[in-house]
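Note sheet for the following structure.
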Amino acid sequence: MLELNHISKTFNAGTVNEKTALNDLSLTLKDGEFVTVIGGNGAGKSTMLNAVAGVWPLDAGSVRIDGVDVTRLPEHRRAAYLGRVFQDPMTGTAASMGIEENLALAYRRGQRRTLRWGITNKERTLYRELLSTLGLGLEDRLGAKVGLLSGGQRQALTLLMATLQKPRLLLLDEHTAALDPKTAQKVLELSDRVVSENRLTTMMVTHNMRDAIAHGDRLIMMHEGNIALDIAGDAKKRLTVEGLLWQFEKASGTAFANDRALLA
């Protein structure tokens with residue numbers, strides 16, 4: 001479904017600030033897989049997601065989605081395949097527009113533009129039904145400006161918008177990192193439900209090792225721009241934080257003793 005073939009990306013090449021973010025990385029995701037991605041700061045997690053989304057060109061390698069080579073497609077054209085939720089709850093929605101207007105933008109994504117804008121009663125009914133599944137009472141606030149919502153409400157809305165058109169690939173880029181623990185847990189539970197109900201192929205980047213273990217059916221641990229560990233199935237179900245750290249240190253020769261954020 002998703003194929004990353006020997007992709008590489010170096011920033012500030014030839015300068016004192018040169019940084020190899022992706023180093024000949026290859027990865028394949030099967031249709032319907034939910035993969036969590038963990039690693040220390042600078043391991044290449046978000047760079048890999050941005051490479052998939054087309055945020056910047058690769059130095060080498062290729063990206064294929066559903067068998068289509070999208071390596072040279074710009075970000076706005078790859079968006080037809082992708083849904084994405086960012087770390088910042090302020091990203092992904094239009095703060096000055098109402099909830100139903102934001103949903104309408106997501107619902108009509110990819111459709112031919114016309115001068116007509118009005119939201120139909122049929123659409124409004126659909127939006128209420130979808131919002132009610134969030135359990136946040138937003139179905140009764142369709143006209144409320146999105147900028148007035150809490151971080152958790154806004155992130156839940158963004159998740160709904162990102163999956164409204166059933167994307168071929170859902171990218172969750174540390175989408176709970178800016179939320180308090182209770183709200184983050186609520187959004188993670190909602191993410192699990194949305195992914196499961198829609199059978200979405202999903203890649204979730206996180207800094208939290210416990211979240212990486214608890215969610216998804218496959219776990220990838222990155223180090224220095226490549227994949228140090230790839231664990232799925234029963235092996236992932238049996239994982240503990242201590243066991244994962246031990247496997248990583250054995251595979252990479254690097255200790256995570258000083259990266260306490262991963263243990264949060």
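The values are calculated or read from the model by the stated rules, or taken from the named source; none is laboratory data. Because the structure is a prediction, the values reported are computed rather than measured. Here the Cβ is made from the backbone with ideal geometry for all residues, glycine too, and neighbour counts use every protein chain on show. The area values use the complete protein model at the heavy-atom level, side chains included, leaving out ligands, DNA and RNA. Shrake-Rupley method; radii C 1.70, N 1.55, O 1.52, S 1.80 Å.
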Whole-Hz ³J(HN,Hα) for each residue in segment 95-106, computed from phi via Karplus 6.51 cos²θ - 1.76 cosθ + 1.60 with θ = phi - 60°, x for glycine and proline: what do you get? 4, 7, 9, x, 4, 5, 5, 5, 5, 5, 4, 5
Identify, among Val195, Met161, Thr28, the residue whose Cα sits farthest towards the positive end of the charge dipole of the chain, taking +1 on the Cβ of Lys and Arg and -1 on the Cβ of Asp and Glu, with the dipole about the Cα centre. Met161
Helix-only mean residue ellipticity at 222 nm, the chain, DSSP H runs n ≥ 4 weighted -39,500 (n - 2.57), per residue, nearest 500. What is it? -9500 deg cm²/dmol
Volume per residue (Å³) of the convex hull spanned by the alpha carbons of segment 1-105 is 141 Å³
Beyond 13 Å, what share of the Cα-Cα pairs of segment 182-243 remains, rounded to the nearest whole percent? 67 percent
Around Val52: net Lys/Arg minus Asp/Glu count, Cβ-Cβ under 12 Å: +3
Kindly write out, for segment 3-14 in residue order, the coupling ³J(HN,Hα) from the Karplus curve 6.51 cos²θ - 1.76 cosθ + 1.60 (θ = phi - 60°), rounded to whole Hz, with x marking Gly and Pro. 10, 9, 10, 6, 7, 9, 8, 10, 9, 6, 4, x
For segment 31-41, in residue order, the Karplus 3J(HN,Hα) values (coefficients 6.51, -1.76, 1.60; θ = phi - 60°; whole Hz; Gly and Pro = x) are 4, x, 6, 10, 10, 9, 10, 10, x, x, 4
Quick one: how many Å² of Phe86 are accessible to a 1.4 Å probe, rounded to 10? 70 Å²
Rg (Å, one decimal) plus Dmax (Å, integer) for the alpha carbons of the chain? 19.1, 60
List every residue whose amide H lies under 5 Å from the amide H of Gly83, counting only residues 5 or more places away in sequence or on a different chain, with H placed 1.01 Å from N in the peptide plane. Leu169, Leu170, Leu171
Test of understanding: express the Cα radius of gyration of segment 70-158 as a ratio to 2.2 N^0.38 Å, with N the residue count. 1.16
Dimensions in Å of segment 1-58 - Rg and Dmax from alpha carbons: 12.4, 42
Length added when fully stretched, Lys237-Arg199, from 0.36 nm per residue minus Cα-Cα: 11.7 nm
Which Rg and Dmax, in Å, describe the Cα atoms of segment 131-247? 15.8, 51
Can you compute the charge dipole magnitude of the chain about its Cα centre, using +1 on each Lys and Arg Cβ and -1 on each Asp and Glu Cβ, nothing else charged? Give it in debye, rounded to the nearest 20. 880 debye
Taking only Cα atoms, what is the 0 to 90° angle, nearest 10, from helix 151-163's long axis to the longest principal axis of the chain? 90 degrees
